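Remarks on the structure that follows.
No lab work stands behind these numbers, since they all come straight from the coordinates. Small disclaimer: the values here were computed from a predicted structure and weren't measured. Neighbour counts run over all protein chains shown; Cβ positions are idealised from the backbone, glycine included.
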Amino acid sequence: MTAPPLTHPPEHCMGGCIVRQTFPATPEAIPQARALTCCLETEERYTAELVVCELVTNAVQHAETDTVTVELTPTAHGLCVEVTDDDVFHMPLWSDPGPDDEHGRGLLILGCLCADLHCEAGPEGKTVCATIERETPQE
């Protein structure tokens with residue numbers, strides 16, 4: 001199964017509409033999902049790229065799922081990133097990696113970057129939700 005063609009949300013849309021796309025749960029989904037962030041405002045874009053990449057990578061690597069859905073929702077104070085898969089048995093795990101461990105820091109990093117990071121599970125799957133707050137200008 002190959003990933004769908006790379007798509008970009010319309011530039012006029014990111015001011016207030018939801019961008020949502022479903023990808024096959026393959027490694028090719030990671031850069032394609034990251035591309036959904038291309039039209040975000042600069043102050044949120046780079047954090048959103050990191051958040052989307054980490055959450056989609058986790059779903060592709062750890063969830064037993066055929067698809068991964070990414071949803072970007074602008075809010076009054078920033079951006080909500082949601083990544084959904086249909087695996088309710090493999091929930092995200094917060095770990096405490098040692099200094100020599102090569103993996104296990106992704107959710108810890110996102111927890112520092114995001115105002116909120118949590119997982120919602122239901123009978124059809126799970127959604128990892130991350131809230132990125134827009135920085136307020138300092139006076």
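With bins 10 Å wide beginning at 0, the percent of Cα pairs of the range 16-139 falling in each bin runs 13, 46, 32, 8, 1. 3J(HN,Hα) couplings calculated from phi for the range 106-112 with the Karplus curve 6.51 cos²θ - 1.76 cosθ + 1.60 (θ = phi - 60°) are, in sequence order, x, 5, 5, 5, 5, x, 7 Hz; Gly and Pro show x. Length available on full extension from residue 133 to residue 62: 0.36 nm per residue minus the Cα-Cα distance, which gives 22.8 nm. Between residue 91 and residue 115, what's the calculated FRET efficiency when r is the beta-carbon distance and R0 is 22 Å? Round to 0.05. About 0.55, to the nearest 0.05. Beyond 19 Å, the tail of the calculated P(r) for the range 41-94 holds 32 percent of the Cα pairs.
With the simple model of a label 7 Å out from the Cα in the direction of the Cβ, residue 102 to residue 35 spans 2.9 nm.
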